[in-house]
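S.K.: I am attaching a structure below and will ask some questions about it afterwards.
Derivation of every value follows stated rules applied to the coordinates shown; laboratory data play no part. Bear in mind that the values here come from a model prediction, so they are computed numbers and not experimental data. In this analysis, Cβ positions are derived from the backbone assuming ideal geometry, glycine residues included, and neighbour counts consider all displayed protein chains.
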Amino acid sequence: MNENLLKNASASGVYYLSGSRQSAIEEAASRARFCILAANITKPSSTEGVLAELGSAFKFPIWYGANFDALYDCLIDPDWLPAKGHVLLINGIANLRAADPDDFATLIEVLQAAVETRRDSHAPFWILLDAPARGIPALPET
C-alpha cells in the first residue's frame with residue numbers, strides 16, 4: 001500500500017478494509033508517521049460495551065462517557081492524540097450490526113460525521129471497518 005493515499009486528507013473517510021489488507025495499511029500509516037489505533041469489538045455484547053471498548057482502545061480522555069455524543073466529541077477533539085494523521089481500525093463491527101442494527105447505523109453515522117468534521121482540519125483521518133456496511137465504500141487499492 002502506498003502511503004500517498006493515506007496522506008490525502010480530502011480522500012480520508014470511513015471505509016471497509018478487508019482483513020488481508022490490514023497489515024499493509026498499518027505499515028503505510030507507520031511510514032507516514034500517523035497515529036494507528038485498533039479496537040476489537042467482538043466481545044462486547046451491548047452497544048454500551050462497544051462504546052466503552054472504543055474509548056479504551058482509542059485512548060479517549062477520562063471524561064469520555066461511552067455514548068454516541070461523547071464518541072463524536074472525542075473523535076473531533078484536536079487535542080486528542082495530536083498527530084500528522086490518524087488511522088483507526090475497528091474489528092468485529094459485524095457483531096454490533098447483528099445484535100443491534102439501529103445502534104450499528106447510529107455508530108456509522110457518528111463515525112462519518114466525525115470524519116467530515118475532521119476533514120476541515122486538513123489532517124488525514126481514516127476509520128477502517130473490518131466488515132462491509134451499507135453506504136461505506138471499500139478502501140481504494142492505490
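S.K.: Against the conditions (1) of a type in the set (A, V, I, L, M, F, W, C); (2) loosely packed, with under 15 Cβ neighbours inside 10 Å; (3) in a helix (DSSP H, G or I), where does Ala28 fall short? Just the number, please.
M.R.: The one condition Ala28 does not meet is (2).
S.K.: For segment 50-67, which positions are surrounded by fewer than 16 Cβ atoms within 10 Å (Cβ to Cβ) and in a helix (DSSP H, G or I)?
M.R.: Pass one, segment 50-67, residues surrounded by fewer than 16 Cβ atoms within 10 Å (Cβ to Cβ): 56, 59, 61-63, 65, 67.
Of everything in segment 50-67, just one residue is surrounded by fewer than 16 Cβ atoms within 10 Å (Cβ to Cβ) and in a helix (DSSP H, G or I), namely Ser56.
S.K.: Residues of segment 82-104 being exposed (fewer than 14 other Cβ atoms within 10 Å of the Cβ) and either touching a residue at least 12 places away in the same chain (Cβ under 8 Å) or not small (Gly, Ala, Ser) (or both), which ones? Lay out the reasoning, then the answer.
M.R.: Of segment 82-104, the ones exposed (fewer than 14 other Cβ atoms within 10 Å of the Cβ) are 82, 84, 98, 101-102.
If the condition is that a residue be exposed (fewer than 14 other Cβ atoms within 10 Å of the Cβ) and either touching a residue at least 12 places away in the same chain (Cβ under 8 Å) or not small (Gly, Ala, Ser) (or both), then Pro82, Lys84, Pro101, Asp102 are the ones that fit.
S.K.: Working only within segment 31-49, note down all residues that are buried (at least 17 other Cβ atoms within 10 Å of the Cβ) and either in a helix (DSSP H, G or I) or among the charged types (D, E, K, R) (or both).
M.R.: Residue satisfying the conditions is Thr47 alone.
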